[in-house]
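Just so it is clear, none of the values below were taken in a lab; they were calculated from the coordinates. Just so it is clear, the structure is predicted and the values come from calculations on it, not from any experiment. Cβ coordinates were reconstructed from backbone atoms using ideal geometry, including for glycine residues, and neighbour counts include every protein chain displayed.
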Amino acid sequence: MVDLHVHCEYSIDAEGSVEDYIRVAIERGVSHICFTTHCDLDPQRRHHDGRIRLHGRIVDVTDRWLDHYVSDVRKAARRFDDAGITVLCGLEVGYVPGIEHLIEEFISSEDLDFVLGGIHTLEGIDIVSPREAPDYFSRRKLADLARVYFEYLDAAVESGLFDCIAHIDIYKRCGLAYYGEQIRVAHRGLVEPVLEKMVKQGTGLELNSGGLRKGLPTIYPEHEIVHIARTLGIARIAMGSDAHHPEDTALGLGICNKVALEAGFTDVHFWQERIPRELSLKKE
Ligand SMILES: [Zn+2]
Ligand SMILES: [Zn+2]
């Protein structure tokens, strides 16, 4: 089992040290864990999202912290060398169009294993935040929300910056309560061209169990999207719990595994030094 999406205390909305997560991961039979601290570089949202916790202090994402983070994860990886777990170091980068140069400069400044890209904000509003999202939704029909979201996503894939796309239908997290069940099929006609672009670019698709802990009926993405991805020829899938607390490590990954197998995937991937490597799903 791989868990390629966990947030340790470097993310200001998470708690627990790198070691705390690794210990739980070992207990739960995780073979590969990747830390993916939030990295939000959008200057428009600097005061909301662009902060990191570094050794108990809150610093700006543009301050010097990445080398400390990478070194903390690498040291922990060495300490658990004989424990049968591979510890990887990555980032979850929030994408908005127009900041590609900032992202590129940032992610190339350290040797990372994995760069996960995700859309969290649209037009300067955090659509994953129960505080901010309802006001944004109130001004948009579902079709408009979906159109803007998939435009952002298309640009994220086009940028070629990301190894894998996180929680591809994250808009349902707050949107399901607002728009109702129809949001679960809002991807139809919009996700296909993006998945086709991911096939061309070799971008991975993440199966993320985090929404299950927020009361959603399914993982990200909807099972239908996983099936479409398989049909269109997505070659690489990743899996992640999106844990923000050590106790959530690996939770729900059995469900991701089941959904992947049902869609016909036979392998799951992890990334080391940005190079994808496959593991057989059947052996999970
Ligand atoms: Zn995310
Ligand atoms: Zn995350």
* Asked: How high is the relative contact order of the range 2-275, in percent, counting Cα pairs under 8 Å that sit 6 or more residues apart?
  -> 22
* **Cα→Cβ-extended label distance, 7 Å offset, between HIS55 and ARG274, nm** => 2.8
* Asked: What does the charge count near ARG23 come to, summing +1 for each Lys or Arg and -1 for each Asp or Glu among other residues with Cβ under 12 Å from its Cβ?
  -> -2
* For the range 163-279, just say rounded, prolate or oblate: build the C-alpha gyration tensor, square-root its eigenvalues into a ≥ b ≥ c, call rounded for a/c under 1.5, and beyond that prolate if a/b exceeds b/c, oblate if not. => oblate
* Structure fact -> Of the convex hull enclosing the alpha-carbon atoms of the chain, the direction-averaged projected area in nm² is 13.2
* To do: Under 1.5 on a/c is rounded, so check that first for the range 14-108, then, if it is not, pick prolate when a/b is larger than b/c and oblate when it is not; a ≥ b ≥ c are the square roots of the alpha carbon gyration tensor eigenvalues.
  => prolate
* **Between the range 53-68 and the range 104-147, the Cα center-to-center distance that results, in Å** => 22
* Structure fact -> Expressed in nanometres to one decimal, the distance between label points 7 Å along Cα→Cβ at SER138 and LYS214 is 2.0
* Structure fact -> In this structure, among LYS172/LYS214; LYS141/LYS172; LYS172/LYS200, pairs with alpha-carbon gaps over 20 Å are LYS172/LYS200
